[in-house]
Amino acid sequence: MKRVYLILWIVFMLGTAAASAQTLNQLYNSLARKESVEKISLGKFSMGLVDLFSDTYGVNKVEIMNLPHCKDKEFESWNENIRQLDDPAFETLLTANDKGDFTRIMLRMDKKIIKELVIMNVGNEISIIRLLGNIKPESIAKLRADYGH
């Protein structure tokens, strides 16, 4: 009988953990619904115009979201959500803590093409930048060579 209770408890705990896990899209959409959030989105048409004058490195959509002001409790909640984010579709490329700022860079790949690159930063405010498209890893190296140190 103890074994049955133990198995039920384990199944319940695993189910609870899975239910509380949040995907990046869920996190992004819930933050986007906030009243004080600032959003900018450049779609395929806008990026096509940019591509006429500059290399877009395979990026065909850019979304930038910033939440500059929120209450301490709410801020801590978002901070924790970003830190605990566990989306199986994404791979964490970098996580960094520096003087109160937390930065996380995640990417989603399909074969050898980067489909989405997401940069999240929590400091004095919360910022999320999403780059979507068909980005070749060589493009990241070229971008770094062109503009990096």
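Since every read-out is calculated from the coordinates, none of them should be taken as a lab result. Everything numeric in this text was worked out from a predicted model, so none of it was measured. Here the Cβ positions follow ideal geometry from the backbone for every residue, glycine too, while neighbour counts run over all protein chains shown.
The GNM of the chain, with springs linking C-alpha atoms under 10 angstrom apart, assigns the highest mean-square fluctuation among Ser30, Ser41, Ser127 to Ser30. Spin-label pair Ser54-Asp98: with each label point 7 Å from Cα along the Cα-Cβ axis, the two points sit 2.2 nm from one another.
Please give the length that would be gained between Glu125 and Val37 if that part of the chain were fully extended, namely 0.36 nm times their separation in residues minus their C-alpha to C-alpha distance (nm, one decimal). Let's see the in-between values first.
On the way: separation 88, 0.36 × 88 = 31.68 nm, distance 1.04 nm.
Net length gain for the segment: 30.6 nm.
So if we plug the beta-carbon distance of Glu80 and Ile140 into 1/(1 + (r/R0)^6) with R0 = 22 Å, what FRET efficiency do we get, rounded to 0.05? Can you show the working numbers first?
Values: r = 29 Å, r/R0 = 1.34.
Computed FRET efficiency for Glu80 and Ile140 comes out at 0.15.
Positive end of the dipole of the chain (Cβ unit charges, origin at the Cα centre): among Pro137, Ser41, Ser127, the Cα lying farthest that way belongs to Pro137. Hydrophobic long helices, here whole DSSP H runs in the chain with Kyte-Doolittle means of at least -1.0 and Cα atoms spread over 24 Å or more along the helix axis, are found at 2-20. Length gained on full extension, Tyr147 to Ile64, computed as 0.36 nm times the residue gap minus the Cα-Cα distance: 27.8 nm.
Only Lys, Arg, Asp and Glu carry charge here, each on its Cβ (+1 for the first two, -1 for the last two); on that basis segment 22-147 has a dipole of about 340 debye about its Cα centre. For Asp72, put the label point 7 Å out on the Cα→Cβ axis and report which residues of segment 92-110 keep their amide N under 18 Å from it. Taking a point 7 Å out along Cα→Cβ of Asp72, the residues of segment 92-110 whose backbone N falls under 18 Å are 100-101. How large, in Å, is segment 22-147 by the Kirkwood hydrodynamic radius built from its alpha-carbon pairs? Final number for the Kirkwood radius of segment 22-147 is 15.5 Å. When only Cα pairs below 8 angstrom with a gap of at least 6 residues are kept, segment 89-134 shows a relative contact order of 29 percent. Within segment 126-141, name every residue whose backbone N is under 17 Å away from a label modeled 7 Å from Cα of Lys112 along the Cβ vector. Answer for segment 126-141: 134-141.
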